[in-house]
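The values are calculated or read from the model by the stated rules, or taken from the named source; none is laboratory data. Just so we're clear, the structure is a prediction, and the values are computed from it rather than from any experiment. Note that each Cβ is placed from the backbone with ideal geometry, even for glycine, and that neighbours are counted across all protein chains shown.
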Amino acid sequence: MKNIVILISGRGSNMEAVVRAAENEGWPARIAAVISNKPEAKGLEFAKARGIPTAVVANKDFSSRAEFDAALQESIDRFAPDLVVLAGFMRILTAPFVAHYEGRMLNIHPSLLPLFPGLGTHQQALDAGETEHGATVHFVTAELDHGPVVAQARVPVLPDDTEDTLSARVLVEEHKLYPHAVRLFVEDRLSITDGEVRITNAAPAETTSI
């Protein structure tokens with residue numbers, strides 16, 4: 001039974017998707033805790049209602065990123081995580097923190113990486129005239145949004161799309177993609193070789209998309 005700790009900063013819709021999938025699909029894992037850097041994060045209410053332990057490590061209480069990350073790491077490690085899941089966790093993490101969870105921390109990013117790392121991805125895709133957009137689940141490394149890719153979901157960019165409509169359509173796919181990727185980890189089907197993710201017993205398209 002694997003322990004999963006999920007980090008959020010806001011409403012935590014991807015956290016909800018992972019929690020529901022773990023419950024409904026009977027994963028050999030438990031959501032050990034949901035931790036936020038924002039005490040007002042709405043996702044904490046969902047976790048509490050599910051009986052999931054919660055914690056807040058507020059970044060505003062610390063004078064440096066290093067001090068915050070050290071406190072966050074201490075809070076996470078109290079739950080003995082096999083996997084740390086970043087679900088809308090709006091912090092740039094320090095290299096020592098990332099190294100501590102190397103190979104056991106996943107993030108979801110709303111673009112088809114390596115395209116459009118960072119913020120404002122949907123508008124960037126529209127401004128670039130992309131015909132396709134989507135989301136990527138990847139292992140976290142010290143370089144922002146550049147870790148080994150586990151899976152991607154793709155959506156067409158429509159002629160009348162706005163940032164809001166494109167974002168909403170991508171989010172629907174995120175809620176399918178992230179549970180899929182987390183379950184692969186839980187089932188010990190993921191490995192990293194030469195910086196690339198390999199999926200054991202993968203369907204032909206499973207290594208790149210869903």
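Observations on the model:
- Hey, Leu190 under 27 Å from Pro96 (Cβ atoms), at pLDDT 95 or above and either surrounded by 16 or more Cβ atoms within 10 Å (Cβ to Cβ) or out of contact with any strand residue (DSSP E or B) (no Cβ under 8 Å at 6 or more places or on another chain) (or both) or not: yes
Quick grid of which residues meet (1) modelled with pLDDT of 95 or more; (2) touching a strand residue (DSSP E or B) at 6+ places or on another chain (Cβ under 9 Å); (3) closer than 24 Å to Leu177 by Cα:
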position: Pro39; (1), (2), (3): yes, yes, no
position: Ala58; (1), (2), (3): yes, yes, no
position: Glu67; (1), (2), (3): yes, no, no
position: Ala80; (1), (2), (3): yes, yes, no
position: Leu83; (1), (2), (3): yes, yes, yes
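- Single condition Val149 does not satisfy, out of (1) of a type in the set (Val, Ile, Thr); (2) modelled with pLDDT under 95; (3) surrounded by 19 or more Cβ atoms within 10 Å (Cβ to Cβ): (2)
- Residues that are more than 20 Å from Ala87 (Cβ to Cβ) and either touching a Phe, Trp or Tyr at 6+ places or on another chain (Cβ under 7 Å) or of a type in the set (Val, Ile, Thr) (or both), drawn from the stretch 124-157: Gln124, Ala125, Thr131, Val157
- Conditions (1) over 18 Å from the mean Cα position of the chain (by Cα); (2) crowded, with 20+ Cβ neighbours inside 10 Å; (3) aliphatic (A, V, I, L, M); number of the one not met by Met1: (2)
- Residue pairs meeting the criteria (Cβ under 6 Å; at least 6 apart or on separate chains; first of a type in the set (Phe, Trp, Tyr), in the stretch 28-55; second surrounded by 14 or more Cβ atoms within 10 Å (Cβ to Cβ)): Phe46/Glu16
- Selection from the stretch 175-198 of residues that are closer than 16 Å to Arg104 by Cα and touching a helix residue (DSSP H, G or I) at 6+ places or on another chain (Cβ under 6 Å): Tyr178, Pro179, Val182, Leu190
- Against the numbered list (1) surrounded by fewer than 17 Cβ atoms within 10 Å (Cβ to Cβ); (2) modelled with pLDDT of 95 or more; (3) among the acidic types (Asp, Glu), Glu130 comes up short only at (1).
- Residue that is nearest to Glu40 (Cα to Cα) [pool: residues in the stretch 59-77 that are surrounded by fewer than 14 Cβ atoms within 10 Å (Cβ to Cβ) and of a type outside the set (Asp, Glu)]: Lys60
- Sub-7 Å Cβ pairs linking a first residue in the stretch 100-126 that is among the aromatic types (Phe, Trp, Tyr) to a second residue that is part of a strand (DSSP E or B), at least 6 apart or interchain, are Tyr101/Val84, ordered by first then second residue.
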